[in-house]
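Some notes on the structure that comes next.
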Amino acid sequence: MTSWKQPDVPTENLVEINNLTFAYGKRAILKGINMVMPRGKVVAVMGLSGCGKTTTLRLIGGSLKPTAGSVKVAGHEVAELDREGLYRLRRKMGMLFQFGALFTDLSVFENVAFQMREQTDLPESVVRDLVLMKLDAVGLRGAHSLMPSELSGGMARRVALARAVALDPMLIMYDEPFAGLDPISLSVIGNLIRRLNDALGATSIVVTHDIQESLKIVDYVYFMSDGVVVAEGTAEEIKASTLPYVHQFVWGEIDGPVSFHYPRAPYSQDLRLEAGHAA
Amino acid sequence: MPHRKVGVGFSNVGRAVVDGVWRMGFATRFFVMTLLGSGDSFRRFGLTIREIYFSGVLSLIIILVSGLFVGMVLGLQGYETLQKYGSESALGTLVALSLVRELGPVLAALLFASRAGSAITAEIGLMKATEQLAAMEMMAVDPISRVVAPRFWAGVISMPLLAAMFSAVGVFGGYLVGVVFIGVDAGSFWSQMQAAVDFRQDIVSGVIKSVVFGIAVTAIALFEGYDAPPTAEGVSHATTRTVVTSALAVLGLDFILTAFMFRGI
């Protein structure tokens with residue numbers, strides 16, 4: 001853990017995570033992490049694949065229950081909410097899934113309208129106006145009649161973003177929003193995350209391992225490794241960090257504390273080169 | 001060493017039994033949740049109508065064509081047997097009773113499982129694999145109410161209608177072969193059929209069977225899709241399991257229902 005201090009932020013935190021532990025059976029995924037996400041900020045959770053980032057997001061969204069510790073969203077202990085309470089809280093959340101998770105049997109328009117139609121009694125004319133406004137915000141108003149199968153990866157991600165903010169949520173969660181995008185789409189999505197967060201006055205959590213793009217748009221970064229937070233700080237602090245793990249991650253170095261190899265037995269043992277086998 | 005192999009064998013059997021019991025429990029819970037989450041399927045009947053189109057209407061072609069051929073084969077085979085006893089005028093009775101009591105509900109259910117059941121499993125499995133169900137959950141929309149229950153009721157409503165159409169077209173097939181091609185007297189074909197087929201004993205029994213098969217096939221298809229591992233292989237295996245399990249369930253249930261309905265066990 002670094003000696004970085006939390007930056008000057010409003011005292012009110014939308015998300016507070018304390019000593020959070022989670023395990024799938026005997027396999028520990030999170031080992032007592034602490035995080036805060038202040039209102040109005042864009043916070044990134046970074047780390048290598050399998051370090052527990054997405055699990056953290058699922059615990060915040062209430063899809064998983066912690067083994068120990070606490071996750072509070074807007075003052076509510078997520079794990080203690082009943083189904084009705086959880087759904088009430090989720091109506092104020094939006095989530096962008098890694099590959100969009102658009103409903104493939106619905107058009108772009110119907111995807112964005114889905115939550116409005118399910119959760120509100122808005123007249124169809126108002127739904128139409130709102131959907132077109134949301135699609136315009138992500139630059140896809142002209143694509144409203146297309147089906148998801150007709151969209152490129154970047155377009156699908158933008159539609160999913162419009163859907164995630166359809167009801168102006170207070171918390172928007174992004175699970176690997178930059179994965180598999182071309183450089184232009186990557187910048188577009190990054191820019192949209194920042195702009196939408198500021199325009200809606202929301203709080204955003206971006207789970208990613210795309211360091212360069214996310215450092216351009218986030219206010220604060222948590223670095224995770226093997227289920228613990230190993231570093232945290234502002235984008236500038238992260239870029240200037242001399243911590244070996246962070247330095248290796250930020251600058252994409254091959255040598256460092258993160259090993260290229262998966263844990264393994266001695267080479268000679270796997271190749272059966274011990275004395276008994278050599279002959 | 002043999003002791004060790006026996007031990008491993010017992011262990012594998014034990015694990016399979018425990019897994020099976022867990023799965024049965026999960027399936028039962030899933031079924032109960034589907035029933036509890038069925039309110040929207042009737043309040044917003046458009047959702048169910050849409051699924052009736054996909055499960056029922058799109059199954060019509062295979063049901064009608066199969067029914068026609070089964071009826072025609074029954075006409076040919078029945079005539080061959082009945083004429084040996086000089087009872088070819090009873091051909092209409094044989095065709096109608098065979099179809100209404102047994103072949104209509106059973107074959108329609110088997111065809112429904114292969115066409116609509118497998119499609120339901122693949123669709124739900126892929127929705128799970130592509131996180132569409134998780135996305136729905138995160139939007140505070142219950143996938144059981146919104147996705148599963150309408151498909152369940154669509155299957156339950158479609159199945160007896162498809163079975164009735166299978167039987168009707170089958171009777172027409174028997175008529176084509178027996179009366180039009182072979183020359184059995186049309187009056188005796190229809191009149192004997194009307195006299196022999198009892199509404200309560202035969203038609204209602206057939207409808208009850210097809211409703212039970214509809215429940216079984218659709219519930220199996222939905223559960224297999226919902227429980228499928230979110231991989232291409234997982235969805236593929238789930239689809240296969242739907243067809244196999246549904247076929248066995250239909251045949252097993254048919255025996256039990258027949259025993260109760262016609263033998264009064």
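What follows is calculated from the coordinates using simple rules that are stated; it is not laboratory data. Computed from a predicted model, the values in this text were never measured in an experiment. Neighbour counts run over all protein chains shown; Cβ positions are idealised from the backbone, glycine included.
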Exercise. Just grab the label-to-label distance for B:Ser191 and A:Ala199, each label 7 Å out from Cα along the Cβ direction, in nm (one decimal).
Key: 8.0 nm
Exercise. Using a Gaussian network model of chain A whose springs link C-alpha atoms within less than 10 Å, name the residue from A:Met133, A:Met170, A:Met37 with the highest mean-square fluctuation.
Key: A:Met133
Self-check item: Overall dimensions of chain A as given by Cα atoms, namely Rg and Dmax in Å
Solution: 21.0, 83
Exercise. Please work out the C-alpha center-to-center distance from segment B:92-124 to segment A:152-203 and express it in whole Å.
Key: 47 Å
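Can you give the translational diffusion coefficient of segment A:111-163 in µm²/s, computed by Stokes-Einstein from the Kirkwood radius over Cα pairs at 37 °C and 0.692 mPa s?
For these conditions, the coefficient is 292 µm²/s.
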Quiz item: What residues from segment A:162-181 fall in the zone where the backbone N is under 17 Å from a label point 7 Å along the Cα-to-C-beta line of A:His76?
Solution: A:167-173
Exercise. With N set to the residue count of segment A:41-110, report its C-alpha Rg divided by 2.2 N^0.38 Å to two decimal places.
Key: 1.29
Quiz item: With a sphere of radius 9 Å drawn around the Cβ of B:Ala109, what net charge do the other residues whose Cβ falls strictly inside it have (Lys, Arg +1; Asp, Glu -1)?
Solution: 0
Practice problem: Give, in whole angstrom and from largest to smallest, the semi-axes √(5λ) of the equivalent ellipsoid of the protein assembly as shown, with λ running over the eigenvalues of the Cα gyration tensor. | Solution: 58, 30, 20
Exercise. Give me the distance between the Cα centres of segment B:200-265 and segment B:178-195, rounded to whole Å.
Key: 34 Å
Quiz item: Are any of the pairs A:Lys31/A:Lys134; A:Lys31/A:Lys92; A:Lys41/A:Lys239 more than 30 Å apart by Cα-Cα distance, and if so, which?
Solution: A:Lys31/A:Lys134
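As a test of the formula, what do you get for chain B when each DSSP H run with n ≥ 4 contributes -39,500 (n - 2.57) and the sum is divided by the residue count, at 222 nm and rounded to the nearest 500 deg cm²/dmol?
-25500 deg cm²/dmol
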Quiz item: Based on the alpha-carbon gyration tensor of segment B:37-262 and its eigenvalue square roots a ≥ b ≥ c, which shape applies: rounded if a/c is under 1.5, prolate if not and a/b is larger than b/c, or oblate?
Solution: prolate
Quiz prompt | Binned Cα-Cα distances of segment A:69-224, short to long, each 5 Å bin given as a whole percent | solution = 2, 9, 18, 21, 20, 15, 9, 5, 1, 0
Exercise. In whole Hz, with x marking every Gly and Pro, tabulate ³J(HN,Hα) for segment A:260-266 from phi via Karplus 6.51 cos²θ - 1.76 cosθ + 1.60, θ = phi - 60°.
Key: 5, 8, 5, x, 8, 7, x
Self-check item: Order of A:Val206, B:Val184, B:Val179 under a 10 Å beta carbon neighbour criterion, fewest first
Solution: B:Val179, B:Val184, A:Val206
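Using only the Cα atoms, work out Rg/Rh for segment B:1-145, with Rh taken as the Kirkwood radius, to two decimals.
Details: Rg = 23.7 Å, Rh = 20.1 Å.
Ratio value, two decimals: 1.18.
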Quiz prompt | Mean Cα-pair separation over length for chain B, i.e. relative contact order, pairs under 8 Å, 6 or more apart, % | solution = 31 percent
Quiz item: Taking each residue of A:98-111 in turn, how many C-beta atoms of other protein chains fall within 10 Å of its C-beta, and what is the average?
Solution: 3
Quiz item: Counting only the backbone N, which residues of segment B:199-233 are under 17 Å from the spot 7 Å out from the Cα of A:Asp105 toward its beta-carbon?
Solution: B:218-228
Self-check item: Net charge over other residues, Cβ less than 9 angstrom from the Cβ of A:Ser185 (K, R count +1; D, E count -1)
Solution: +1
Self-check item: Computed over segment A:18-255: relative contact order in percent, which uses C-alpha pairs under 8 Å that are six or more apart
Solution: 28 percent
Practice problem: Please give, to one decimal in nm, the separation of the simple spin-label points placed at A:Tyr267 and B:Met33, each 7 Å out from Cα toward the Cβ. | Solution: 5.0 nm
Practice problem: Choose one answer from A:His261, A:His209, A:His76: the residue with the largest mean-square fluctuation in a GNM of chain A with alpha-carbon springs under 10 Å. | Solution: A:His261
Quiz item: Considering only DSSP beta bridges with both partners in chain A, what is the antiparallel share in %, to the nearest 5?
Solution: 50 percent
Exercise. Name the lysines eligible as straight-distance cross-link partners of A:Lys26: C-alpha to C-alpha under 26 Å, and not fewer than 8 places from it in the same chain.
Key: A:Lys53, A:Lys65, A:Lys72, B:Lys128
